[in-house]
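First comes the structure, then the notes that go with it.
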Amino acid sequence: QVQLVESGGGLVQAGGSLRLSCAASGIIFSINAMGWYRQAPGKQRELVAVFTRGGSTNYADSVKGRFTISRDNAKNTVYLQMNSLKPEDTAVYYCAKDVANRRYWGQGTQVTVSS
């Protein structure tokens, strides 16, 4: 089993910043194949930023240059630094981790960007 605990969401004005954290526990082996997705009301869940299985990073075009994914291997934690936030970034942000062909999800954290 894998447990993912997210934190760091909240309400921020446009142009502001937030930092999300996701701590993984359980049978995880490594924190590759782990990252962030988001789902806005009425829309499908979409990739935001992830570490691939090979350890490289992959970002959605809409967040490139504004968001940065990072990690602390010792803490099994992945972070998402979000800068220059826009109202269209408003969504529930989910942490996800792939283990043995199964995707585990965190409970989600709300990010609201006011204009």
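How many residues, within region 38-51, are in contact (Cβ under 8 Å) with a residue 40 or more places away in the chain and open to solvent by less than 20 Å² (accessible area, probe 1.4 Å)?
Selection size over region 38-51: 3.
Among 54, 35, 15, which is the only one that is within 20 Å of residue 68 (Cβ to Cβ), without any contact (Cβ under 8 Å) to a residue 40 or more places away in the chain and either open to solvent by 30 Å² or more (accessible area, probe 1.4 Å) or in a strand (DSSP E or B) (or both)?
Result: 54 is the single residue among 54, 35, 15 that is within 20 Å of residue 68 (Cβ to Cβ), without any contact (Cβ under 8 Å) to a residue 40 or more places away in the chain and either open to solvent by 30 Å² or more (accessible area, probe 1.4 Å) or in a strand (DSSP E or B) (or both).
Taking region 61-88, which residues are under 13 Å from residue 36 (Cβ atoms) and open to solvent by less than 20 Å² (accessible area, probe 1.4 Å)?
63, 67, 69, 77, 78, 80, 82
Can you name every residue in region 69-115 that is out of contact with any strand residue (DSSP E or B) (no Cβ under 6 Å at 6 or more places or on another chain) and closer than 11 Å to residue 19 by Cβ?
Matches in region 69-115: 83 only.
Counting only residues that are open to solvent by 60 Å² or more (accessible area, probe 1.4 Å) and in contact (Cβ under 8 Å) with a residue 40 or more places away in the chain, which one in region 89-115 is farthest from residue 48 (Cα to Cα)?
Among those that are open to solvent by 60 Å² or more (accessible area, probe 1.4 Å) and in contact (Cβ under 8 Å) with a residue 40 or more places away in the chain, it is 115.
The values are calculated or read from the model by the stated rules, or taken from the named source; none is laboratory data. A quick note: this is a predicted structure, and the numbers were derived from the prediction, not measured. All Cβ positions, even for glycine, are placed from backbone atoms using ideal geometry, and neighbour counts span all protein chains on display. Keep in mind that these areas ignore ligands, DNA and RNA; they rest on the heavy atoms of the full protein, side chains included. Shrake-Rupley method; radii C 1.70, N 1.55, O 1.52, S 1.80 Å.
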